[in-house]
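Heads up: the structure comes next, in structure tokens.
Just so it is clear, none of the values below were taken in a lab; they were calculated from the coordinates. Because the structure is predicted, anything quoted here is derived from the model rather than measured. A quick note on method: Cβ atoms are made from the backbone with ideal geometry, for glycine too, and the neighbour counts reach across all protein chains shown.
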Amino acid sequence: MIRLGIASGSIGVVTPGLRERRKQQTRQAISAVAMAMFAERGFDRVTISEVAEAAGVSKMTVTNYFGRKEDLVFDRAEEIITSLAGAVAGRPYGESLLAAIRRDYEERLAANDVTLGPPTESFARMLKDSHVLTSRWLEIAELREQALAEAIAAENGIDDPQQRIVAALLASVHRVLFQQSTRRLLAGQPAEEIRATLAAASHRAFDLLEPSLGAYGIRTRAAHTPKGTRKTDQSPQSEHACAP
């Protein structure tokens, strides 16, 4: 796994060592075994002990890698949670928060990124049929929004309700379109048609946000604040202080 280091508006890439790669391979192998069992029997009908036996590891090993049973399904939860924060932290100078989120969504959609929606009809049905999985997905979406808000606050050096609202608006596009993708997949719509629908819907959604947020949070070199500091006031000339 390549982890993102987000601090003071910068982004760093940390390459994992051999031990970390082996741990990630074990994690992926356990998750793959579990997903096959969930698809065959349903998430709620498979126990952690059965997953451990099928994967050839101890129950403790499974729980060490996955704190909760539902994390066997959402094995990329950390990536999803940090995705929007990473997008704004890594944006170039001159780009707004909205433009960064929009560009990131378009790039992921073009790459058929599975974090934008369920990859298969069976996965979508498994989510729909399990209250536990549905609740976990909503939690992941909320944590993603919180991470985005914290990244914006860290960049501006101040944390207030306005920035939390901006984060909620920006994150809402991903959340709503994930739900749309799930519903359309369950209705039998072909994957190519779903991607086309998501592309058009995201374009309209971001266009609707443009009048309010198009000039909000435009990155400038002067806007950076050292990590761990907080601004005592906001200059009316700051591009981060544009009205939403």
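Under 19 Å Cα-Cα from Lys128, which aspartates and glutamates qualify once same-chain neighbours fewer than 8 residues away are excluded? Cα-Cα hits under 19 Å: Glu40, Asp44, Glu70, Asp71, Asp75, Glu139, Glu142. In this simple spin-label model, placing a label point 7 Å from the Cα along the Cα-to-Cβ direction at both Leu186 and Gln146 gives a separation of 2.6 nm. Length gained on full extension, Gln179 to Ser212, computed as 0.36 nm times the residue gap minus the Cα-Cα distance: 9.4 nm. Counting neighbouring Cβ atoms within 10 Å and putting the fewest first, the residues Val46, Val114, Val73 line up as Val114, Val46, Val73. Each Cα pair under 8 Å and six or more residues apart adds its sequence gap; the mean of these over the residue count of the range 76-230 is a relative contact order of 40 percent.
Exposure proxy for His131, His203, His174: other Cβ atoms within 10 Å of each Cβ, ordered fewest to most, give His131, His203, His174. The label point for Ala199 and the one for Asp159, both projected 7 Å from the Cα toward the Cβ, are 3.9 nm apart.
Note on Thr63 and Leu138: their simple-model spin labels are 2.7 nm apart, each label 7 Å out from Cα toward Cβ. Here the translational diffusion coefficient of the range 76-230 follows from Stokes-Einstein with Rh set to the Kirkwood radius across Cα pairs; for 4 °C and 1.567 mPa s it amounts to 80 µm²/s.
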